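Reviewing the structure listed below.
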Amino acid sequence: MTLQYHGGVRPTGVRRLSAAIVAGVMAIAAVLLAPRPAAADTPWLDVSEDGYASFTVPAAYVQANVGQVSQVVIEGNFGPSFTWAEFGLTRRGDAWSGVLGPLKPGLYYYQVTGDDTKGLKDPTNGTGVASKPLWSTFLVQGDSARLLADAPQGQGGKVETLTYHVKNKERSALVWTPPGYQAKGPKGYPVLFLRSGDDGTATDWLDLGRAKQIFDNLSAQGAMAPMVVVIGDGDASDDDKELKDLRKAAADKYHVLRDPAHQAIAGVSEGGTRALRAALTTPGRFAYVGSFSGLLEESVSRADANAINRDVKLVRLYTGNVTDPAYNATNRLTKALDEAGIDYEFDGVNPDAGANWSAWQENLIDFVPRLFRTVSDHGPSAGHGPLKGEFDPPAAGTTPTPFLTEDGFVTFETTTDFKDAQHVTVWANWAPGGSWLRVPLSRDGDRWRGTVGPLDPWFYYYRVIVDRVAVKDVSNPTKVTTEPTWSTFLIPGEASRLLSDVPDGQGGKVESLTYRSNVANQDRTALVWTPPGYDPDRAEPYPVFYLQHGGGQSYTDWVEMGRAKQILDHQFLDGDLVPMVVVMGNGNVSNFTKELRENIAPAARARYNISSDPSQQALAGLSMGGGHTFGVLKAHPGEFAYIAAFSAGFGSGAGVDAEAINNGTKLLRLYVGDQTDFVYPSFMASLNTLNDLGIRYEFDGVTPGPHGWDVWQKNLIDLAPRLFKR
C-alpha cells in the first residue's frame with residue numbers, strides 16, 4: 001500500500017505506561033479518531049483542546065451536492081505563514097476524513113473542495129464569512145489568541161450598520177461603539193476609520209479580522225482609548241469622495257470629534273495604501289495612520305515633510321514576511337520616507353505571516369492602543385525583524401528549483417510544460433506537525449511559481465500536482481526510488497544538523513549487498529552502512545543493526561528518505577554511536593522472519609565482519625517493518641537483544657513467551673506519532689497487551705507528527721545511540 005508521510009518533534013524522558021494510563025489514552029484516541037456517522041447534521045469538524053482539527057465529510061453529501069469526485073480537500077489558512085493551502089482527506093468507508101495539527105492558536109477559515117473546483121460550505125458549522133459564502137471559521141484557543149476570543153457576554157461594545165450616500169448611491173459601513181458609549185455628553189469620541197482591501201468588504205474585519213473581539217478585549221483591559229471605529233468596504237470607486245462622505249455620515253450619526261487630531265485611518269492591502277495616501281498627500285485630515293500590508297510606492301515629496309510631521313502624530317507601517325506582496329513596497333516606501341525626512345514608525349517584519357488576516361489581526365492589536373493617547377514604546381513588535389532589502393528570486397527559467405534563501409523561504413517553479421494547466425500545487429511535508437499540505441502556485445507567464453516559508457530547518461520532500469496528477473519537479477536532481485514523483489531539499493540549521501551531509505571523507509560508506517532470496521526466489525539487494533574506519537579484519541566483530549522500511553517502500557528508503565547515512569555519520573563523529581554495521585534489507589516478502597534469518601543476515605555475515613552473537617544484534621523497523629520486527633521477536637525471542645518498532649502495533653499476545661522475551665531482550669523501545677498517525681490507536685492497544693503479558697519495554701511518549709519520515713528520522717536519532725551499550 002502507499003502511505004501518506006508526515007512528521008513532528010520528539011519529546012524527551014523515558015517512562016513505562018501503566019495499564020490505567022494506557023486505557024485513558026486509548027479512550028481519548030477513540031473519541032478523536034473514531035469514524036463519525038455520515039449524517040449531514042453531525043459535525044464535520046472537531047477541534048481538540050490541544051489544537052488538532054479532525055475533519056469527517058460524508059461522501060454521500062458531497063456526491064449529492066457536487067457530484068462524484070475523485071478527491072476532497074479542506075482548503076484553508078493552514079500553510080506556512082498562514083498561507084492558503086489544501087489538506088487532502090482520505091476516503092474511509094462512507095466518509096472523507098483526516099486529522100491536521102497541532103494548529104497554532106488563532107482563527108482559521110476553510111471550505112471543502114472536490115476535484116479542485118467543486119466547493120462546499122460545511123453545513124454543520126454555524127460560522128460564516130459574508131464575503132465568502134463557502135467559508136467557515138474556527139478558533140484554536142491559546143494565550144497568543146486570547147484577544148480573538150469573545151468577551152464575556154454584556155461586556156463588549158456594539159456593532160451597527162451605518163448607511164450613507166455617495167453620488168446618490170447608497171453604501172454602508174459597520175460601526176463599533178465602545179462599552180458605555182454615550183450618544184450625548186460634553187465630550188465626543190475620537191474615531192478610527194478602518195478600511196478593507198480591494199477585494200474585501202467591511203464584514204471581513206468582523207468575520208476574519210475578529211475586530212469586534214479585539215476592540216472588546218482591549219477595552220476591557222483598559223489598553224485602548226475609548227473610541228468609535230468605522231469600518232468601510234475596500235471597493236470604493238472614488239476613494240477621496242467616498243471617504244469624505246463616510247466621515248460626514250459618521251459625524252452626523254455618532255458622537256465623534258471632527259477635528260483631525262482625533263481622527264485616525266488604517267487599512268489592509270489596498271486599504272492601507274489608501275490610508276497612507278489620505279494622510280500623506282493631504283496632511284491635516286488624520287493625525288494617525290496605519291498601513292497593514294499597504295502597497296504605496298509613489299514618491300513622497302520632501303516639500304510635504306514639514307506639514308506631515310507637524311499634523312500627523314503617527315505613521316506606522318506593517319508588513320508580513322517576503323510572501324507578503326507589500327514586503328518590497330514597504331522596503332521602497334521606508335527609503336522614500338527617510339529621504340524625504342518624514343517621521344514614521346515601522347513595526348518590523350512579521351516573520352510568521354504574510355498578507356493575510358493572521359498578520360492583520362496582530363497589526364490591529366498593535367496599532368489601536370497607540371491611538372489618541374501617549375505611549376512610550378515606538379519600536380517593533382516582539383520577534384519582528386528589520387527589512388533586509390527587497391526579495392528578488394531569480395528570473396523564471398534561470399536556475400534549478402527549488403530556490404532557497406538563507407532564512408528558509410523556498411521558491412518553486414514549473415517548466416513551461418504546464419502552461420495550459422488550470423490548477424497547480426506543491427504538496428509537501430510542511431503542515432503543522434509535518435503533515436502533507438498542498439500550496440497553490442500562481443501562473444507566471446508560461447510557468448507556475450510560488451514562494452513558501454519560512455520553513456524550519458529540516459528535511460523536506462514534495463511533488464508537484466498538476467490538475468490532480470502528480471509530477472516530478474524535473475529541475476530538482478534529487479530522487480526517491482520508490483516514489484518517482486518525489487523530490488527533496490534540506491533547510492540547513494542546528495535542528496537539521498544530523499540530517500545534513502558531513503564533510504567529504506569523514507563519514508561512513510554505504511554499499512550495495514546482493515543476496516539470494518529463497519523466499520522471493522530472486523536475487524535481491526540491501527544497503528549496508530559501515531562506520532568510518534571500518535576494519536574488515538578487526539579481531540572483534542562489529543555489532544550489527546538490521547533496519548527495515550515500511551509498506552510501499554524498499555531498501556533504498558532509509559538512505560534516500562530516512563537520511564540514515566547522515567544521521568549515523570554525525571552520531572559517530574559526535575562520539576554518540578557505538579561503531580556498528582547497519583544493514584537495510586528488502587522486506588517486501590511473504591515471510592520476513594525467514595528472509596532475515598536465512599537470507600539477509602547470512603549474506604551480511606559472509607561479506608562483513610559482524611557478530612552473530614544475539615547480544616550484538618539489533619532489529620528495528622517502521623510501520624510494516626515494525627510489524628516484521630515484532631514477528632521476529634515473537635518467533636525467536638532473544639535472537640536480537642535490541643528491538644525497536646516505529647509506528648507499529650505488537651498485535652496479538654497469543655502464544656507469546658513473555659519470559660523468553662524479557663530474558664533475551666536488553667532493550668525493547670517503542671515509538672509512535674501523535675493522533676494524526678493512523679496506527680496510533682492500535683499502538684496504544686499494544687501497550688495494554690504488553691502490560692498484560694508482563695513484557696518490559698520503554699515508551700518515551702508520542703513523537704508529535706503523523707505517520708511519516710519526519711517522525712521516523714527522529715526515532716532513529718533517538719534509538720541509534722542506545723544500541724549495544726547495556
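The values are calculated or read from the model by the stated rules, or taken from the named source; none is laboratory data. Only a predicted model underlies this, so the values are computations on that prediction, with no experimental measurement involved. Here the Cβ is made from the backbone with ideal geometry for all residues, glycine too, and neighbour counts use every protein chain on show. Areas reflect the complete protein model, heavy atoms only, side chains present, ligands, DNA and RNA absent. Shrake-Rupley method; radii C 1.70, N 1.55, O 1.52, S 1.80 Å.
Among VAL528, HIS549, PHE372, whose Cα sits farthest toward the positive end of the charge dipole of the chain (+1 at Cβ of Lys/Arg, -1 at Cβ of Asp/Glu, about the Cα centre)?
PHE372
Semi-axes, largest first, in whole Å: what does sqrt of 5 times each Cα gyration tensor eigenvalue give for the chain?
56, 27, 23
Got a number for the accessible area of ASP46? Probe 1.4 Å, square angstrom, nearest 10.
Solvent-accessible area, nearest 10 Å²: 60 Å².
In Å², what does the accessible area per residue of segment 335-405 work out to with a 1.4 Å probe?
With all protein chains present, segment 335-405 gives 47 Å² per residue.
Pairs of Cα atoms under 8 Å, at least six residues apart: use those to get the relative contact order of segment 561-667, whole percent.
20
Quick one: putting +1 on the C-beta of Lys and Arg, -1 on the C-beta of Asp and Glu, what dipole do you get for segment 463-526 around its Cα centre, in Debye to the nearest 20?
The dipole of segment 463-526 has a size of about 220 debye.
Dipole size in debye (nearest 20) for the chain around its Cα centre, Lys and Arg Cβ +1, Asp and Glu Cβ -1?
900
What is the chain's relative contact order, in percent, from Cα pairs under 8 angstrom and six or more apart in sequence?
13
Express the Stokes-Einstein translational diffusion coefficient of segment 444-514 in µm² s⁻¹, to the nearest whole number, given a Kirkwood radius over alpha-carbon pairs, 10 °C and a viscosity of 1.306 mPa s.
It comes out at roughly 106 µm²/s.
³J(HN,Hα) across segment 397-412 via Karplus (A = 6.51, B = -1.76, C = 1.60, θ = phi - 60°), whole Hz, x for Gly/Pro?
With the stated coefficients, segment 397-412 comes to x, 9, 8, x, 10, x, 9, 10, 9, 5, 9, x, 9, 10, 9, 9 Hz.
Can you classify segment 113-213 as rounded, prolate or oblate using the Cα gyration tensor, where a ≥ b ≥ c are the square roots of its eigenvalues, rounded means a/c under 1.5, and otherwise it's prolate if a/b beats b/c and oblate if not?
In terms of gyration-tensor shape, oblate.
Using 0.36 nm per residue of separation minus the Cα-Cα distance, give me the extension gain between ALA64 and THR478 in nm, one decimal.
144.8 nm
Among 74-80, 159-165, how do they line up from the highest to the lowest mean number of other beta-carbon atoms within 10 Å?
74-80, 159-165
Residue by residue through segment 456-466, which ³J(HN,Hα) values in whole Hz follow from phi under the Karplus form 6.51 cos²θ - 1.76 cosθ + 1.60 (θ = phi - 60°), with glycine and proline marked x?
These are the phi-based 3J(HN,Hα) values: 5, x, 4, 9, 10, 9, 7, 8, 9, 10, 10 Hz.
Whole-Å semi-axes of segment 631-726's equivalent ellipsoid, largest first, each the root of 5 times a Cα gyration tensor eigenvalue?
22, 17, 10
Could you calculate the FRET efficiency of LYS169 with THR90 from 1/(1 + (r/R0)^6), where r is the beta carbon distance between them and R0 is 51 Å, rounded to 0.05?
Here the calculated transfer efficiency is 0.55.
Within a Cβ distance under 15 Å of ASP504, other residues only, what is the Lys/Arg minus Asp/Glu net charge?
It works out to a net charge of 0.
Indicate, rounded to the nearest 5 percent, the antiparallel portion of the DSSP beta bridges found entirely in the chain.
65
Hey, how much of the P(r) for segment 114-170 falls beyond 13 Å, as a percent of Cα pairs?
Roughly 78 percent, rounded to a whole number.
Taking a ≥ b ≥ c as the square roots of the eigenvalues of the Cα gyration tensor of segment 234-362, is the shape rounded (a/c under 1.5), prolate (a/b larger than b/c) or oblate?
Oblate shape, in that a/c is at least 1.5 and b/c is the bigger or equal ratio.
Taking +1 at the Cβ of each Lys and Arg and -1 at the Cβ of each Asp and Glu, which of ALA359, PRO393, THR415 sits farthest along the dipole of segment 298-423 towards its positive end, judged by Cα position relative to the Cα centre?
ALA359
Just to confirm a number: summing +1 for Lys and Arg and -1 for Asp and Glu over residues other than ALA660 whose beta-carbon lies under 14 angstrom from that of ALA660, what do you get?
Net of charged neighbours comes to 0.
Choose one of PRO637, VAL426, GLY156: the residue whose Cα lies farthest towards the positive end of the charge dipole of the chain (beta-carbon charges +1 Lys, Arg; -1 Asp, Glu; about the Cα centre).
Farthest towards the positive end: GLY156.
Using only helices, what value at 222 nm comes out for the chain when you add -39,500 (n - 2.57) per DSSP H run of length 4 or more and divide by the total residues, to the nearest 500 deg cm²/dmol?
So the calculated ellipticity at 222 nm is -6500 deg cm²/dmol.
Rounded to a whole number, what % of the accessible area of segment 564-611 do carbon and sulfur atoms account for, probe 1.4 Å?
42
Per residue, how large is the accessible surface of segment 679-726? Use a 1.4 angstrom probe and give square angstrom.
Roughly 27 Å² per residue, with all protein chains present.
Provide the per residue accessible area, probe 1.4 Å, for segment 72-207, rounded to a whole number of square angstrom.
Accessible area per residue, segment 72-207: 44 Å².
On the Cα set of segment 556-678, report Rg and Dmax in Å, please.
In order Rg, Dmax, the Cα atoms of segment 556-678 give 14.8, 43 Å.
For segment 587-718, give the magnitude of the charge dipole about the Cα centre (Cβ charges: +1 Lys/Arg, -1 Asp/Glu; no others), in debye to the nearest 20.
In debye, rounded to 20, segment 587-718 gives about 360.
Taking all protein chains in place and a 1.4 Å probe, what share, in percent, of the accessible surface of segment 626-726 do carbon and sulfur account for?
51
Of all the accessible heavy-atom surface of segment 390-453, with the other protein chains kept in place and a 1.4 Å probe, what percent is carbon and sulfur?
That share works out to 45 percent.
In whole Hz, with x marking every Gly and Pro, tabulate ³J(HN,Hα) for segment 144-156 from phi via Karplus 6.51 cos²θ - 1.76 cosθ + 1.60, θ = phi - 60°.
Whole-Hz 3J(HN,Hα) from phi for segment 144-156: 6, 10, 5, 6, 8, 7, 5, 6, x, 4, x, 9, x.
Using per-residue counts of other Cβ atoms within 10 Å, averaged over each peptide, order 86-92, 688-694, 364-370 from highest down.
Per-residue Cβ counts within 10 Å, averaged per peptide and sorted highest first, yield 364-370, 86-92, 688-694.
For Cα pairs less than 8 Å apart in space and 6+ apart in sequence, what is the mean separation divided by the residue count of segment 104-147, i.e. the relative contact order in percent?
After rounding, I find 48 percent.
Name the long-range amide H neighbours of ASN476: under 5 Å, sequence gap of 5 or more, or other chain; modelled H, no Pro or chain starts.
Here the answer is THR401, since their amide H atoms fall under 5 Å of that of ASN476.
Shape of segment 394-454 from its Cα gyration tensor (a ≥ b ≥ c, root eigenvalues): rounded if a/c is under 1.5, otherwise prolate when a/b > b/c, or oblate?
oblate
Taking the 0 to 90 degree range and rounding to the nearest ten, how far is the long axis of helix 326-340 tilted relative to the main principal axis of the chain, both from C-alpha atoms?
50
Computed over the Cα atoms, what is the radius of gyration of segment 333-417 divided by 2.2 N^0.38 Å, N being its residue count?
1.47
Per the Debye formula with a single identical scatterer at each Cα and no solvent contribution, what log10 I(q)/I(0) holds for segment 291-443 at q = 0.11, 0.16, 0.19 Å⁻¹?
-0.56, -1.00, -1.25
Calculate how large, on average over all directions, the projected area of the Cα convex hull of segment 572-628 is; give the answer in nm² to one decimal.
If you wrap the Cα atoms of segment 572-628 in a convex hull and average its projections, you get 4.9 nm².
Quick one: pull the percentage of alpha-carbon pairs in segment 219-305 with a separation above 16 Å.
Counting pairs separated by more than 16 Å, the tail of P(r) holds 58 percent.
Considering the alpha-carbon set of segment 492-538 alone, what are its Rg and its Dmax in angstrom?
15.8, 45
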